1. Among the residues of the range B:209-240, how many are within 12 Å of chain A (Cβ to nearest Cβ) and buried (at least 17 other Cβ atoms within 10 Å of the Cβ)?
2. Please return the ranges of strands (runs of 3 or more DSSP E) entirely within the range A:2-74 where 1 or more residues are open to solvent by 10 Å² or more (accessible area, probe 1.4 Å), touching a residue at least 12 places away in the same chain (Cβ under 8 Å) and more than 7 Å from chain B (Cβ to nearest Cβ).
3. Taking the condition of being over 34 Å from the mean Cα position of the chain (by Cα) and among the β-branched types (Val, Ile, Thr), how many residues in the range B:96-132 meet it?
4. All but one of (1) open to solvent by 20 Å² or more (accessible area, probe 1.4 Å); (2) within 25 Å of A:LEU33 (Cβ to Cβ); (3) part of a helix (DSSP H, G or I); (4) modelled with pLDDT under 95 hold for B:GLU193, so report the exception by its number.
5. Do the conditions hold for B:VAL662, that is, is it closer than 17 Å to B:ILE458 by Cα and either modelled with pLDDT of 90 or more or not assigned by TED's automatic domain parsing to the domain that holds B:PHE564 (or both)?
6. Out of all the residues in the range B:427-448, is one or more assigned to a helix (DSSP H, G or I), modelled with pLDDT of 80 or more, among the polar types (S, T, N, Q) and not assigned by TED's automatic domain parsing to the domain that holds B:ALA652?
7. Working carefully through the options B:ASP512, B:ASP549, find the one that is in contact (Cβ under 8 Å) with a residue 40 or more places away in the chain and either open to solvent by 40 Å² or more (accessible area, probe 1.4 Å) or acidic (Asp, Glu) (or both).
8. Among the helices (runs of 4 or more DSSP H) confined wholly to the range B:106-177, which include 3 or more residues that are surrounded by fewer than 16 Cβ atoms within 10 Å (Cβ to Cβ)?
Amino acid sequence: MDVTDLKINQIANIIDIEGKGPLRRRLLEMGILPNTLVKVIKKAPLGDPLEISIRGYELSLRKEDAKSIKVEVK
Amino acid sequence: MKIALVGNQNCGKTTLFNALTGSNQHVGNFPGVTVDGKVGQIKNKEKISLVDLPGIYSLTPYSSEEIVTRDFIIKEKPDVVLNIIDATNIERNLYLTMQLLELDVPLIIALNMMDEVNASGNSIDVNKLSEGLGVKICPISASKNQGIDELMEETIKVGKNKIMPIHIDVCEKDSPVHRAIHAIMHLVEDHCEKYGLPKRYVATQLIQKDEILSKEINLSENEVDLLGHIICEMENDNGYDNEISIIGMRYNYIDRVVKKSVTIKSTQTKEQIRSSKIDRILTNKYLAFPIFILIIGLIFSITFGLVNTYISDLLGNGLNHLINIVHKEMDNADFNIVLISLICDGLMTGVFSVLSFLPTVVVLFFFLSLLEDTGYMSRVAFIMDKPLRKIGLSGRSFVPLLIGFGCSVPAVMATRTTASEKDKKLTLMLIPFIPCSAKLPIFTAVVGGFFKLDVLVILGLYFLSVALGILVGFISKLIKKSKPTPFMMELPNYRLPTVKNTLLLMWEKAKDFIKKAFTVIFVCSLIIWFLNSFDFKFNYVDGDTISVDSSMLSKISSFITPLFRPIGINDWRYCASLITGLTAKESLVSTLTVLYGSVDLAIVNVNTGQILAFLVFVILYMPCIATFAVLRKELKSTSLAILYMAGQTLFAYFMAMLFYGVSLLC
């Protein structure tokens, strides 16, 4: 499952970041790495983009970009 | 001495810049307000300059801001790099620091927003953090002006004595990443020395397959092979690919340092808690759009309703009165009739017609700065991203487009906050499709005199123009097949705007506007006046002995009139009005008035098809010269700006032709 499958405020552990190129690297550099906890804070009124919380800060991402963040719920 | 100020977006960099230099750069609560590097002199220290570099998250060069910053540090070699960090978001901010450490330059850290950290009950042991990173750290609060003097002293000390960061091996000993980095550092040692590059930085960049760098340092084929082999081995041993390995190594080290030095009592600061409460309403599923429409509606009705109709008109009348007085005084003093016309009809009329817009522009920017400073603007980008993506734009382009309904000039200037160069270009291309408020007088004058259902026709024209803009965006998305720029944005905390910052922005915009009025508009008014007042033998056209028909403007207009026949325009006076409309759209009305006697007389001998084609052309053809001037500045290319304008005009021409053609068939 990926981040977009999470319910609001559900905490999950990142297992992988798929894709390649600049977008993936940017995600990684923002601290979205395997073995990091992530949580969806809110969704925009039209359901996209969504805001996640990671490493103590919040970041807005589009659904299609967030789909590459694979997670597991413990 | 040269100090480079480096940090993430929206971490208080510009506020610190202002505090250190005593200058008055506009500070935004919107990520990415600093676009070009700015230079200032440190207060009371004349020979020390501070360079404010654009806000970046990393030094990996794939956005223009990152390349600017990286090149500045490596090639310009500032005496000291001042890295500003948002203490409320310390892990992510330290990522850039880890990369700066690899560059091996004199470095000092300003730990900003310490007041917010302390207020939330959390604490940061600055000494331990400093020890962990091997760099001097000064806790500050840039907005409250705390710790600034000490920071300045320490920064100068580091710069003067060239104090390098204490070397710390951030990767775990004997880990696969450690082995790879050291093997590559050994491999590229000579190259690094030759090109003056720090080898640790080169090694980590090469592991991340930075091709620009690998070409820059001229690796031999053999070395490239060996490099690939080392990376492959690292990936196998580590279980992660090259990028996760390197980036993960940096974050692992950050985790270790932060664990030792940061005590967390509450995961959110007071400001963050307040912001999420406000967001529960402002980005609420059902309330977000109604509130947004309400806010924008209010701003527009105040700016374009109240201020534009009353204050701008009052100013306009006052300025007209001034022209009359000057005219009378010059008449009485027996000045040359040409000189009077030059000053009154040419310069004063031209410049004043633009100046009368000043209140509207200033008030619009007052509201925009409120939206930006409070942090609401990024919420607008957040909620509008999905619809805008359909035409290949991101949420950040929405605000400039919206401003376009007021005036294209500030709209073009506002494109600086778009997400990428590509988005900026497309946004700039679409702005002319948003009918600016200066076109409204044309519509009310022309449509009001011709159609019974004037409001419907005007609304229809607005709708047509915006719909064509959307169509153009849609087509360009299909042609380029490019994906929209990734939308990755932090929603900043809501903040109360400061009076100083708001006034500052208004002053800056007013200054820009006045400057423009007295340069571009000044020259254009002069040219139009000249063409309208003289014939080709340079006789003054007084309207009595030499008729208006013989002026250069009339001749030129007559000459190009055949060009406009396909769109139904047969009269040179219409062409003349289109030309003068380029200085400012509303002067189109005044030209028609001067040449015909009144607008109502101008539309007596034309049919519905002609008038519609004319209006379609007017709503779509190139924006005024002032817009062109700012467009040229934003695109950083005269030829590209001309291309945009020519394309826009050509498009308008074909659309008008279509309308006229259809009307002939009916």
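The values are calculated or read from the model by the stated rules, or taken from the named source; none is laboratory data. Quick caveat, the model's predicted, so the values are computed rather than measured. All Cβ positions, even for glycine, are placed from backbone atoms using ideal geometry, and neighbour counts span all protein chains on display. SASA here: full protein model, heavy atoms, side chains in, ligands and nucleic acids out. Shrake-Rupley method; radii C 1.70, N 1.55, O 1.52, S 1.80 Å.
1. Going through the range B:209-240, the residues within 12 Å of chain A (Cβ to nearest Cβ) turn out to be B:209-210, B:238-240.
So of that shortlist, the ones also buried (at least 17 other Cβ atoms within 10 Å of the Cβ) come out as B:210, B:238, B:240.
Counting residues in the range B:209-240 that are within 12 Å of chain A (Cβ to nearest Cβ) and buried (at least 17 other Cβ atoms within 10 Å of the Cβ) gives 3.
2. On the way: elements: A:11-17, A:37-43, A:50-54, A:57-61, A:69-72.
Qualifying strands (runs of 3 or more DSSP E): A:11-17, A:37-43, A:50-54, A:69-72.
3. The number of residues fulfilling the criteria is 2.
4. Answer for B:GLU193: the failing condition is (2).
5. Numbers: closer than 17 Å to B:ILE458 by Cα: no; either modelled with pLDDT of 90 or more or not assigned by TED's automatic domain parsing to the domain that holds B:PHE564 (or both): yes.
Here the answer is no, as B:VAL662 does not meet what is asked.
6. yes
7. On the way: B:ASP549 fails: in contact (Cβ under 8 Å) with a residue 40 or more places away in the chain.
Every option except B:ASP512 fails the conditions.
8. So the answer is B:148-160.
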